[in-house]
Amino acid sequence: MSLAGACLLALLIYGISTQAASRTLDEQVAKGAQPPAPHATQSLPILGTPGSGSLAQLRGKVVVLNFWASWCEPCQVEAPLLENAQRQLARHGGTVLGVTYKDVTGDSERFVREYHLSYTNLRDAGGTFAAAYGTDQLPETFIIDRQGRIVAISRGEIAKPFLDRAVALAATT
Amino acid sequence: MRLARPAAGLLCALMLAVPAAAGAEAARVSLPVIERQVMCVTCKIPLNVAESPQADREREYIRSLIAEGKDEAQIKDALVTQYTSAVLGLPQTHGFDLAAYLVPVAVVIGLLALLIFLLPSWRRRSAAGAGDEAGALSPEDAARLESDLALFD
């Protein structure tokens, strides 16, 4: 009986550990490593158009990967900052890439129009792309270098210095 | 004329029944009904108790689907399309979630196996116990029992 109880307890602990968002990328970046961006070749539908795109298609560019949703208030605050960064990055062969997270398509499209976002936004319909980045709260932003490696992570609302770092990376590499 | 009365009655009954059925159908698909069956996908709790900006958007989306005349199944399909199957709050049939289906079955099988294993020994013990009790009566007690029983004759 006690063996069965121990098995159930072990199963519960395993379940909790697997359900929690992964912070492996954060740990690697904190140690100074530059892990490859996961699921880079995963093709996702482009918001507002019939096509699809992937992170791998942007290899060779500095990418600011931003997970967002229209219902997320900090995402509304940082949207103008991201659009401003997009203009600067575009001059140095970089780009912002938005990925919507648990958002209704119509709401996401309205958000893009409202904030005049000129960069591409993908729709992570299955949630697997966001899960690979350990995304469970919004907004979350990743700076990816020209070789497709993650160099910085921001979980929460981004500040201008974080985006300046991406622009500097694009300008100097 | 004799036939006309029952026919008119039947027609009236139908006229009353059809809107009532339609009304019942419309009443079934309401926000509270759907809210009870789906999850707030970011808070991971049932939508009817969730308070968050995402939960509010989810409710608005459900309201818009109801307004479009969608039925319960269509609304759930639309929610799954937008938010993945996580919105239904059902464990998936692969990976760790499979344990949610397998563990209860394993527990029931385990309990049945335990019962099959223990039942014969319980029976033997109770039968032996009954025999022991009968044999355990001392001659004095047996005599007292006899005399007590004789009082009732």
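No value in this document is a laboratory result; all are computed from the given coordinates. In this text the structure is predicted, and so the values were computed from the model without any measurement. Positions of Cβ are backbone-derived with ideal geometry, glycine not excepted, and every protein chain shown enters the neighbour counts.
Here is a yes/no grid of residues against (1) farther than 30 Å from B:Ile75 by Cα; (2) free of Cβ contacts under 8 Å to residues at least 60 places away in the same chain; (3) more than 14 Å from the chain's Cα centre (by Cα):
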site: A:Glu83; (1), (2), (3): yes, yes, yes
site: A:Leu89; (1), (2), (3): yes, no, yes
site: A:Asp107; (1), (2), (3): no, yes, yes
site: A:His116; (1), (2), (3): yes, yes, yes
site: A:Asn121; (1), (2), (3): no, no, no
site: A:Glu140; (1), (2), (3): no, no, no
site: A:Arg146; (1), (2), (3): yes, no, yes
site: A:Arg155; (1), (2), (3): yes, no, no
Matching residues in region A:158-173 (crowded, with 18+ Cβ neighbours inside 10 Å, touching a helix residue (DSSP H, G or I) at 6+ places or on another chain (Cβ under 8 Å) and closer than 24 Å to A:Arg23 by Cα) number 3
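To keep it simple, each residue is scored yes or no on (1) at the interface with another protein chain (Cβ under 9 Å from one of its Cβ atoms); (2) under 23 Å from the mean Cα position of the chain (by Cα); (3) within 14 Å of B:Arg36 (Cα to Cα).
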| position | (1), (2), (3) |
| --- | --- |
| B:Arg57 | yes, no, no |
| B:Ile66 | no, no, no |
| B:Gly69 | no, no, no |
| B:Glu72 | no, yes, yes |
| B:Lys76 | no, yes, yes |
| B:Tyr83 | yes, no, no |
| B:Ala86 | yes, yes, no |
| B:Gln92 | no, yes, no |
What is the number of the single condition among (1) over 30 Å from B:Pro104 (Cβ atoms); (2) assigned to a loop (DSSP other than H, G, I, E, B); (3) among the small types (Gly, Ala, Ser) that A:Ser22 does not meet?
(1)
Considering residues that are within 20 Å of A:Glu157 (Cα to Cα), among the polar types (S, T, N, Q) and within 14 Å of another protein chain (Cβ to nearest Cβ), the number found within region A:58-106 is 3
Taking B:Thr42, is it of a type in the set (S, T, N, Q) and in a helix (DSSP H, G or I)?
no
